[in-house]
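The values are calculated or read from the model by the stated rules, or taken from the named source; none is laboratory data. Here the structure is a predicted model, which is why all the values come from computation and not from measurement. Positions of Cβ are backbone-derived with ideal geometry, glycine not excepted, and every protein chain shown enters the neighbour counts.
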Protein chains: 2
Amino acid sequence: MENVQAPTAALLTSEALLKHWQGHRGLTRRTIEAFPEKDLFEFSIGGMRTFAVLAMEIVDLTGPGIKGLATGEWSENPMAHISGEGMPKTKEELLTIWDETTNRLETYWPQISTEKFDDAVKAFGMYDGTILSTILYFMDNEVHHRGQGYVYLRALGIEPPFFWERA
Amino acid sequence: MENVQAPTAALLTSEALLKHWQGHRGLTRRTIEAFPEKDLFEFSIGGMRTFAVLAMEIVDLTGPGIKGLATGEWSENPMAHISGEGMPKTKEELLTIWDETTNRLETYWPQISTEKFDDAVKAFGMYDGTILSTILYFMDNEVHHRGQGYVYLRALGIEPPFFWERA
């Protein structure tokens with residue numbers, strides 16, 4: 001008798017993962033809002049980047065990233081957080097860009113069918129992974145940098161938003 | 001003709017999620033190792049907790065947490081990161097506790113069958129969620145606090161481990 005293993009069941013749906021991500025994005029948006037205008041663009045610790053640049057890294061990965069994962073087209077525009085070109089100059093501009101990215105995520109996400117999440121992909125023409133591993137990387141990178149923003153806020157004497165509130 | 005929707009397929013297996021978590025845990029372990037002994041227990045920014053205490057929060061959630069999720073038994077021991085009781089005194093002690101937690105995760109994880117991930121749970125007798133949402137919370141909390149440890153390291157003039165290396 002053959003030893004046939006049952007296929008391993010899976011536990012997270014595409015819709016649930018998007019909701020989880022958007023919950024994180026809501027919290028990151030509130031973290032941006034918590035910064036005084038000047039400190040958002042000027043304050044940092046230990047030679048690190050400002051929170052505006054860290055937030056734009058999240059934007060640069062998420063927006064062109066979800067389009068690339070959904071369509072196979074990877075933007076060749078220089079990334080604002082690296083080139084400086086297209087960097088917002090005010091908190092309001094940054095929040096507007098943030099919200100455009102949130103909408104873009106809603107638009108492209110349903111174009112990735114669940115069967116494709118295991119597909120191999122070279123993100124931004126450079127990073128080998130699967131669609132799922134790339135998405136998890138983007139999310140983890142957001143949580144990582146937002147946590148750094150919390151330290152900046154604490155160093156500025158400002159209470160960060162509650163970590164457990166997501167919306 | 002009835003409009004019957006296909007059930008939404010799921011995209012992440014229990015095994016893949018555990019591997020993702022353990023990858024993060026490997027990186028957090030290297031972050032602990034990167035701290036000078038004294039700074040691990042004394043350095044902080046903006047009135048925050050030391051990285052030793054943040055690491056013990058991760059231990060206190062992960063170890064008793066995975067046992068609770070797998071067995072329904074929630075430890076009533078006071079948590080070291082809150083009470084101070086059982087706090088390690090050296091980096092080596094902290095790493096030993098860290099590794100015990102890693103092993104505990106391997107032991108209890110397979111006891112949670114995939115069908116149970118959607119089950120309602122009151123984590124630590126207090127926090128309402130599902131088994132999956134609780135696990136994601138523990139993981140996100142680890143990435144969040146580790147990112148804060150990176151700022152401490154940068155402020156100390158120490159290069160943190162590469163974020164993209166997981167093992």
Quickly run through the range A:33-49 and pick out the residues that are in a loop (DSSP other than H, G, I, E, B) and away from chain B (no Cβ under 13 Å). A:PHE35, A:PRO36
What are the residues in the range A:118-129 that are charged (D, E, K, R) and either in contact (Cβ under 8 Å) with a residue 60 or more places away in the chain or not in a helix (DSSP H, G or I) (or both), if any? A:ASP119, A:LYS122, A:ASP128
Looking at the range A:37-65, I want the residues that are over 13 Å from A:ILE82 (Cα atoms) and have a partner that is outside any helix (DSSP H, G or I) and among the small types (Gly, Ala, Ser) with Cβ atoms under 8 Å, at least 6 apart or on another chain. Which pairs are those? A:GLY46/B:GLY157; A:PHE51/A:SER44; A:PRO64/A:SER75; A:GLY65/A:ALA123
Which of the residues spanning the range B:31-58 are acidic (Asp, Glu) and farther than 10 Å from B:TYR152 by Cβ? B:GLU33, B:GLU37, B:GLU42, B:GLU57
Give the residue, chosen from A:LEU132, A:LEU94, that is more than 7 Å from every other protein chain (Cβ to nearest Cβ), buried (at least 18 other Cβ atoms within 10 Å of the Cβ) and assigned to a helix (DSSP H, G or I). A:LEU94
Restrict the check to the range B:136-151 and report whether at least one residue is of a type in the set (Val, Ile, Thr), in a helix (DSSP H, G or I), closer than 28 Å to B:THR50 by Cβ and in contact with a strand residue (DSSP E or B) (Cβ under 7 Å, 6 or more places away or on another chain). no
Could you tell me whether B:HIS81 is touching a helix residue (DSSP H, G or I) at 6+ places or on another chain (Cβ under 7 Å) and within 13 Å of chain A (Cβ to nearest Cβ)? no
Every residue in the range B:54-76 that is out of contact with any Ser or Thr (no Cβ under 9 Å at 6 or more places or on another chain) and either outside any helix (DSSP H, G or I) or hydroxyl-bearing (Ser, Thr, Tyr) (or both), please. B:THR71, B:GLY72, B:GLU73, B:TRP74, B:SER75, B:GLU76
Provide a single number: the residues in the range A:152-167 that are over 19 Å from A:LEU54 (Cβ atoms), facing another protein chain (nearest Cβ under 8 Å) and aromatic (Phe, Trp, Tyr). 1
Residue list for the range B:74-95, restricted to those being at pLDDT 95 or above and acidic (Asp, Glu): B:GLU92, B:GLU93
Quick one: B:VAL121 ticks every box in (1) in contact with a helix residue (DSSP H, G or I) (Cβ under 7 Å, 6 or more places away or on another chain); (2) within 11 Å of chain A (Cβ to nearest Cβ); (3) crowded, with 17+ Cβ neighbours inside 10 Å; (4) over 27 Å from B:GLU37 (Cβ atoms) except a single one, so which number is it? (2)
Among residues belonging to the range B:106-118 that are within 9 Å of chain A (Cβ to nearest Cβ) and of a type in the set (S, T, N, Q), point out the one that is farthest from A:LEU12 (Cα to Cα). B:SER113
